[in-house]
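Engineer: I am attaching a structure below and will ask some questions about it afterwards.
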Ligand code: PRX
């Protein structure tokens with residue numbers, strides 16, 4: 001299997017037009033229609049979004065002004081009053097969708113549940129009432145640390161219903177990482193489960209919450225616990241409450257709070273270039289509209305679809321495209337607790353067959369892992385219900401794209417390669433499946449309303465086939481509003497990194513990209529100190545801070561190394577304190593230490609002990625050299641600024 005190298009992507013020339021039959025029935029039916037929408041949105045962005053806001057969403061009160069842009073701060077639908085939980089639930093109840101499946105859930109052990117819109121509404125109201133009973137008020141933050149069970153979505157919608165911003169923490173994060181997020185968000189309540197199923201084992205979520213709270217998260221007053229795995233857990237009287245106990249007495253009616261369009265909907269932490277994750281803030285009206293419209297057009301959501309996004313609700317993909325986007329559209333969204341595992345490598349295809357999934361959305365790292373497991377797994381299941389495939393999270397190598405197209409899509413399903421980020425709220429560059437001819441490895445064209453460009457270090461557009469930094473030049477409704485509690489970091493990171501001479505504010509995504517002669521965008525990956533391991537975003541500094549918090553470590557430098565399946569893997573170069581000698585035991589201990597500090601997703605694939613790290617004369621670690629070394633490549637480029645050249649020889653010799 002070839003690696004997702006830039007070279008293989010650059011050589012890709014194949015073109016896949018939308019199937020005629022698909023295009024005829026699609027929301028957006030032709031490239032001409034896309035171009036018209038794109039032009040309309042470019043000429044009159046406010047008119048374009050206002051029309052969609054009016055036709056696609058329900059508002060309690062209309063806005064006075066569509067856009068208020070005080071760079072880099074933005075407001076959409078100023079003074080509009082709306083509730084996203086109302087748009088996801090209540091408004092469907094007066095239509096035939098009342099008894100349509102809103103969520104179909106499949107547990108890893110094979111148990112399952114379907115909730116209609118009416119049933120989901122009832123449970124969301126019950127949980128919202130329980131939140132109120134536990135003292136949660138509008139504006140209070142709620143931490144959600146859950147397995148992939150319906151109650152995760154219910155908790156999010158219940159927060160939205162009463163105007164309590166949620167911060168969902170991925171269940172794979174450690175107690176330490178959970179604590180940091182709960183502290184930063186000053187969460188008042190934590191919603192969790194006793195445990196969750198993951199690859200035939202129980203993930204002890206409640207135990208992690210106990211540890212996080214013991215380590216100090218003083219604002220947390222209560223913990224609401226959903227029973228999932230039924231193993232023994234500690235329940236602290238007064239603080240911890242079983243959901244099934246409180247649900248019994250809770251009313252199934254709870255009016256949705258009229259929220260200001262710009263009220264905070266959620267905080268979601270993501271990695272940046274410092275050791276401290278950023279709390280990305282999304283607000284209500286613009287996010288509701290943007291996830292709704294992008295989901296509808298890029299996935300061509302129809303009422304007959306069974307739509308399955310395999311992400312976890314702990315990531316932005318789960319927020320925007322398992323919960324809010326699909327439910328706002330009145331779609332049927334499938335949630336799956338499990339993952340392909342040794343005991344059942346074909347489990348995803350069983351789910352597709354069992355529910356007749358029509359739209360399937362996953363990450364390139366999963367596609368490559370599934371490729372490795374062999375075609376006989378998908379080939380032995382009936383996948384003919386599928387009509388559209390999606391991918392997200394990292395550049396997809398053409399070979400994986402072609403496999404996905406042939407083996408999973410049966411050469412009949414368009415593939416939407418969606419480029420976007422936690423910060424962007426929703427898809428930014430993506431094909432529209434009835435309109436866009438796709439090229440394997442390219443996310444194709446910007447969504448209508450998105451003015452994407454590629455610029456050089458001076459912030460000036462680069463022409464034609466040249467590469468550069470991917471930027472966005474006009475605000476869009478789904479964009480993040482700030483870094484929670486740190487407006488300055490928001491301004492510096494995204495808006496002041498690249499400043500064109502014109503002085504205009506442009507959004508810097510942190511990715512490198514180029515555009516080909518047909519105007520297709522090809523996203524190449526991060527150009528900052530963020531690495532993308534199996535589609536999970538990690539800051540190198542974050543992993544370094546975890547390593548140096550171990551008493552044996554003096555210094556650490558972390559880089560990404562190309563990996564066949566994960567896209568990138570972590571290599572850590574480590575120098576030790578005092579007399580401590582490197583050995584296998586210590587290597588294991590350090591890997592485990594990172595798992596404890598951050599979570600299993602951050603476990604370094606490799607630790608290389610060294611006496612010294614290559615530094616410039618001013619003391620900056622030369623990561624570029626370490627990246628080449630980790631990848632086993634010759635060191636190219638300038639090394640004249642290196643303080644001590646012998647360090648390189650030692651590193652090459654594997655000191
Ligand atoms: O590097 C890009 C990569 O994932 C980063 C965003 O990560 P995160 O905020 O965790 O959100 C992931 C899910 C939206 C981007 O800066 N990325 C995401 N989608 C693609 C991608 N790289 C290439 N192609 C994509 N389709």
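Engineer: How large is log10 of I(q)/I(0) for segment 389-547 at q = 0.09, 0.13 Å⁻¹ when the intensity is taken from the Debye formula with one equal scatterer per alpha-carbon?
Structural biologist: Here log10 of I(q) over I(0) equals -0.32, -0.65.
Engineer: According to a simple spin-label model (label point 7 Å from Cα along Cα-to-Cβ), what is the distance in nm between residue 580 and residue 642?
Structural biologist: 2.6 nm
Engineer: To continue, here is another question. Tell me, Kirkwood radius of segment 263-415 from alpha-carbon pair distances, in Å?
Structural biologist: Evaluated on segment 263-415, it is 16.5 Å.
Engineer: Calculate, axis by axis, the spread of Cα positions in the chain along the three principal axes, and write the results as whole Å, longest axis first.
Structural biologist: Computed over the chain, the largest-to-smallest principal extents equal 74, 63, 56 Å.
Engineer: Quick one: check the C-alpha center-to-center distance for segment 57-123 versus segment 506-581, whole angstrom.
Structural biologist: Measuring centre to centre over Cα atoms gives 36 Å.
Engineer: Provide 251, 385 in ascending order of the number of other Cβ atoms located within 10 Å of each residue's Cβ, fewest first.
Structural biologist: 251, 385
Engineer: Would you kindly work out the equivalent ellipsoid of segment 454-524 from its C-alpha gyration tensor and give its semi-axes, the square roots of five times the eigenvalues, largest first in whole Å? Before the final figure, lay out each step's value.
Structural biologist: Numbers: eigenvalues 111, 35, 20 Å².
Value: 24, 13, 10 Å, ordered largest first.
Engineer: What FRET efficiency, computed as 1/(1 + (r/R0)^6) with R0 = 60 Å and r the Cβ-Cβ distance, is obtained for residue 606 and residue 248, rounded to the nearest 0.05? Don't skip to the end; give the middle numbers.
Structural biologist: Values: r = 52 Å, r/R0 = 0.86.
Given R0 = 60 Å and the Cβ-Cβ separation, E is 0.70.
Engineer: Where both residues lie in the chain, what percent of DSSP beta bridges are antiparallel, nearest 5?
Structural biologist: Taking every DSSP beta bridge within the chain, about 60 percent pair in antiparallel fashion.
Engineer: Would you mind computing Rg(Cα) / (2.2 N^0.38 Å) for segment 275-352, counting N as its residues? Working shown, then result.
Structural biologist: On the way: Rg = 14.6 Å, N = 78, 2.2 N^0.38 = 11.5 Å.
Normalised Cα radius of gyration, segment 275-352: 1.27.
Engineer: A follow-up question, please. For a footprinting-style exposure proxy, rank 651, 327 by other Cβ within 10 Å, fewest first.
Structural biologist: 651, 327
Engineer: Would you list 22, 360 from fewest to most Cβ contacts within 10 Å?
Structural biologist: Fewest-to-most ranking of 22, 360: 22, 360.
Engineer: In angstroms, what radius of gyration and Dmax does segment 423-463 have, counting Cα atoms only?
Structural biologist: Cα radius of gyration and Dmax of segment 423-463 are 12.2, 37 Å respectively.
Engineer: Could you tell me which of rounded, prolate or oblate describes segment 528-654, using a ≥ b ≥ c as the square roots of the eigenvalues of the alpha-carbon gyration tensor, with rounded for a/c under 1.5 and, failing that, prolate when a/b is larger than b/c and oblate otherwise?
Structural biologist: In terms of gyration-tensor shape, oblate.
Engineer: Take every Cα pair under 8 Å in segment 528-654 that's 6+ residues apart, average their separations, divide by the length, and report that relative contact order as a whole percent.
Structural biologist: Working: 198 pairs, mean separation 27.4, N = 127.
Here the relative contact order equals 22 percent.
Each reported figure results from applying straightforward, stated rules to the coordinates on display, with no laboratory input. Note that the coordinates shown come from a computational prediction; the quantities given were computed from them, not determined experimentally. Because the Cβ atoms are built from the backbone with ideal geometry, glycine has one as well, and the counts that use them run over all protein chains shown.
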